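Any read-out appearing in this document is the output of simple, stated calculations on the displayed coordinates, not a laboratory observation. As the structure is a computational prediction, the values presented were derived from the model and not from experiment. When we count neighbours, we look across all protein chains shown, and the Cβ atoms used for this are built from the backbone with ideal geometry, even at glycine.
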Amino acid sequence: MTTSPAKPSLDPNFVSAGAFVQAAGLVVDEVTGSQVLGHIDLSTEHHTPWGIVHGGVYATAIESAASIGASTAVRDQDMVAVGLTNTTHFLRSATGGRVKVQAVALNQGRTQQLWQVNISDAQGRLLAHGEVRLQNLAAAQ
């Protein structure tokens, strides 16, 4: 038996985000159905054994920001959006500091969406770039 995804949270601050996303450190600052702005305060807790931020932190932020925005876009239709493809490019290493996460919708169709997400440091340098393709699904009632 398959079940539908849970209805999207009505919590505008996403306080109830899963433990995995919380552990990655993504803080959502602003959400609309076409853009998500957030940040991560990177520290040694995000490091690989080699002393730089783990790429999984960026991939998680990219997937999460796109999913939050895409699900917000279809919430009024009692739908959620789930990731089908996450392509993340790691462009520059970092060891810490606040990074900006900006997700924007590139295409929002009836059944699928495509989002672009950039993660940049305080100097505006691009650390990671990703695209996430998402499927719109009926939410559980």
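Give the Rg (one decimal place) followed by the Dmax (whole number) of region 19-138, computed from C-alpha coordinates and expressed in Å.
Over region 19-138's Cα set, Rg and Dmax evaluate to 14.0, 45 Å.
Distance in nm between label sites at Thr44 and Leu137, each 7 Å beyond Cα in the beta-carbon direction?
4.0 nm
So what are the ³J(HN,Hα) numbers for region 74-88, from phi and the Karplus equation (6.51, -1.76, 1.60; θ = phi - 60°), rounded to whole Hz, Gly and Pro as x?
Each residue of region 74-88 in turn: 10, 4, 5, 9, 6, 10, 10, 10, 10, x, 9, 9, 10, 10, 10 Hz.
Within region 112-132, which residues have the backbone N less than 18 Å from the label spot 7 Å out from Ile52 along Cα→beta-carbon, could you tell me?
Only 119-130 pass the distance filter.
Which of the trypsin sites (Lys or Arg not before Pro) across region 108-141 are loop residues per DSSP, with 14 or fewer other Cβ within 10 Å?
Details: sites: Arg110, Arg125, Arg133; in loops: Arg110, Arg125.
Counting only loop positions with at most 14 other Cβ atoms within 10 Å, the trypsin sites (Lys or Arg not before Pro) in region 108-141 are Arg110, Arg125.
Efficiency by 1/(1 + (r/R0)^6): what FRET value for Ser34 and Arg125, r their Cβ-Cβ distance, R0 = 25 Å, to the nearest 0.05? Walk me through the numbers on the way to the answer.
Values: r = 25 Å, r/R0 = 1.00.
The value I calculate is 0.50.
Length gain on complete extension for the stretch Leu91 to Asp78, per 0.36 nm per residue less the alpha carbon to alpha carbon distance?
Full extension of this stretch gives 1.0 nm more.
Let me know the charge dipole size of the chain about its Cα centre in debye, to the nearest 20, where only the beta-carbon of Lys, Arg (+1) and Asp, Glu (-1) is charged.
Values: 8 positive and 10 negative charges, 52 e Å.
Charge dipole, the chain, about its Cα centre: 260 debye, nearest 20.
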